[in-house]
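Below is one structure; the comments refer to it alone.
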Amino acid sequence: QVQLVESGGGLVQAGGSLRLSCAASGRTISYYIMGWFRQAPGKEREFVATISWSGDVTYYTDSVKGRFTISRDNAKNTVSLQMNRLKPEDTAVYYCAAGSVLQTTRESYNYWGQGTQVTVSS
């Protein structure tokens, strides 16, 4: 099994940037597809971004394309989400997840972190 811990969330003004990190332990992330999801108050958890085992393939939800970048460092066992030009609608708890299939659905991911809060003020 792999354990995931997110960090880097916080409060930022609209137009600002944050970088989320996900530290893995227990097993190397090179075995896993890694993804980021988010959940806003009163809404379901939704897909944000995913990255393949070697990092050569990435997918993003339409609302973050061109603003967010997912990356991974298998040697350091970490995954990051660089978020630029943040908007108030990006406010949510962000979760790191690990799975075995390059998919955008929640059911494709087996392991989850506890989440980190991102709040974007207008």
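The values are calculated or read from the model by the stated rules, or taken from the named source; none is laboratory data. Source: prediction; values computed, not measured. Reconstructed Cβ throughout: ideal geometry from the backbone, glycine too, with neighbour counts over all protein chains shown. When the accessible area is computed, the model is the full protein with side chains, heavy atoms only, and any ligands, DNA or RNA have been set aside. Shrake-Rupley method; radii C 1.70, N 1.55, O 1.52, S 1.80 Å.
For segment 102-122, which residues satisfy the criterion of being more than 16 Å from V5 (Cα to Cα) and open to solvent by less than 70 Å² (accessible area, probe 1.4 Å)?
Restricting attention to segment 102-122, the residues satisfying the condition of being more than 16 Å from V5 (Cα to Cα) are 102-108, 119-122.
Listed by number, the residues that qualify are L102, T104, T105, S108, T119, V120, S121.
May I ask you to list the residues in segment 92-101 that are open to solvent by 20 Å² or more (accessible area, probe 1.4 Å) and not aliphatic (A, V, I, L, M)? Show your work before the answer.
First, the residues of segment 92-101 that are open to solvent by 20 Å² or more (accessible area, probe 1.4 Å): 93, 95, 100-101.
Y95, S100 - these are the residues of segment 92-101 that are open to solvent by 20 Å² or more (accessible area, probe 1.4 Å) and not aliphatic (A, V, I, L, M).
Okay, residues lined up against (1) among the small types (G, A, S); (2) surrounded by fewer than 17 Cβ atoms within 10 Å (Cβ to Cβ):
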residue	(1), (2)
L4	no, no
I33	no, no
F37	no, no
P41	no, yes
E46	no, yes
S52	yes, yes
T58	no, yes
N74	no, no
D90	no, no
